[in-house]
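The structure appears right after this line, and notes come after that.
What follows draws every value from the coordinates through simple rules; no lab data is involved. This structure is a prediction, so every number in the text was calculated from the model and none was measured. Cβ coordinates were reconstructed from backbone atoms using ideal geometry, including for glycine residues, and neighbour counts include every protein chain displayed.
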Amino acid sequence: MNNQAIEAGLRKTLGELEERLTKVRSDMSKGHSADFAEQVTERENDEVLEGIAAETQASISDIRAALSRIHDGTYGVCIRCGRAINAERLTAVPETALCMTCASA
Ligand SMILES: [Zn+2]
């Protein structure tokens with residue numbers, strides 16, 4: 001796969017993640033009902049939503065970093081050891097910044 005195709009894929013994923021984050025954030029800001037039992041359930045929901053929001057935000061940062069590495073010409077090179085990242089790994093996890101060895105270390 002060439003970098004243009006990878007970039008297009010990353011941008012598509014980025015758009016989907018940003019959409020999800022917006023949706024999760026708007027679900028979270030809906031406010032709480034007056035009923036106490038309902039409030040407990042809503043708080044639990046909020047915690048789940050916060051977890052999803054944090055994960056989504058982390059993935060967005062990873063993808064943004066990968067896009068800037070494509071522009072720098074350093075995409076596909078492990079940021080820790082400087083070796084080329086296996087092509088199969090890049091296909092499976094295009095936003096990865098680490099080679100298999102460093103990722104599992
Ligand atoms: Zn490495």
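Taking H as built 1.01 Å from N, whose amide H comes closer than 5 Å to the amide H of residue 77, not counting residues under 5 places away?
Close amide H contacts, sequence-distant or interchain: 85.
Where does helix 3-28 land angle-wise versus the long Cα axis of the chain, in degrees 0 to 90, nearest 10?
Once rounded, the angle reads 10 degrees.
Quick one: net charge of residue 70's neighbours, Cβ under 15 Å, K/R +1, D/E -1? It would help to have the intermediate numbers written out before the result.
Details: positive: 11, 12, 64, 69; negative: 7, 62, 72, 95.
Combined, the nearby Lys, Arg, Asp and Glu give 0.
Let me spell out the model: positive unit charges on the Cβ of Lys and Arg, negative unit charges on the Cβ of Asp and Glu, origin at the Cα centre of segment 3-75. What dipole size does that give, in debye rounded to 20? Numbers along the way, then the final one.
Values: 9 positive and 15 negative charges, 94 e Å.
Here segment 3-75 has a charge dipole of around 460 debye.
For residue 103, what charge total do you get from the other residues with a beta carbon under 11 Å from its beta carbon, if Lys and Arg give +1 and Asp and Glu give -1? Write down the numbers at each step before the final one.
Details: positive: 80, 89; negative: none.
In short, +2.
Among the trypsin sites (Lys or Arg not before Pro) within segment 1-56, which fall in a DSSP loop and have no more than 12 other Cβ atoms within 10 Å of their own Cβ?
Working: sites: 11, 12, 20, 23, 25, 30, 43; in loops: 30.
The qualifying sites are 30.
Over segment 33-102, what per residue volume does the convex hull of the Cα atoms give, in whole Å³? Numbers along the way, then the final one.
Values: hull volume 7.6 nm³, N = 70.
Hull volume over Cα atoms, normalised by residue count, gives 108 Å³.
Quick check: the angle from helix 36-72's long axis to the longest principal axis of the chain, C-alpha only, nearest 10 degrees?
Relative to the chain, helix 36-72 is tipped by roughly 20 degrees.
Can you give the relative contact order of the chain as a percent, counting alpha carbon pairs under 8 Å and 6+ residues apart?
Working: 74 pairs, mean separation 28.1, N = 105.
Across the chain, relative contact order equals 27 percent.
Put +1 on the Cβ of each Lys and Arg and -1 on the Cβ of each Asp and Glu in the chain; which of 57, 73, 103 then has its Cα farthest toward the positive end of the dipole?
My answer, from the dipole projection, is 73.
Mind checking the log10 I(q)/I(0) for segment 3-75 at q = 0.20, 0.24 Å⁻¹? Debye, one equal scatterer per Cα, no solvent, two decimals.
-0.81, -0.99
Grab the Cα-Cα distance for residue 83 and residue 12, subtract it from 0.36 nm times how many residues apart they are, and report the gain in nm with one decimal. Could you put the intermediate results ahead of the total?
Numbers: separation 71, 0.36 × 71 = 25.56 nm, distance 2.71 nm.
Gain on stretching residue 83 to residue 12: 22.9 nm.
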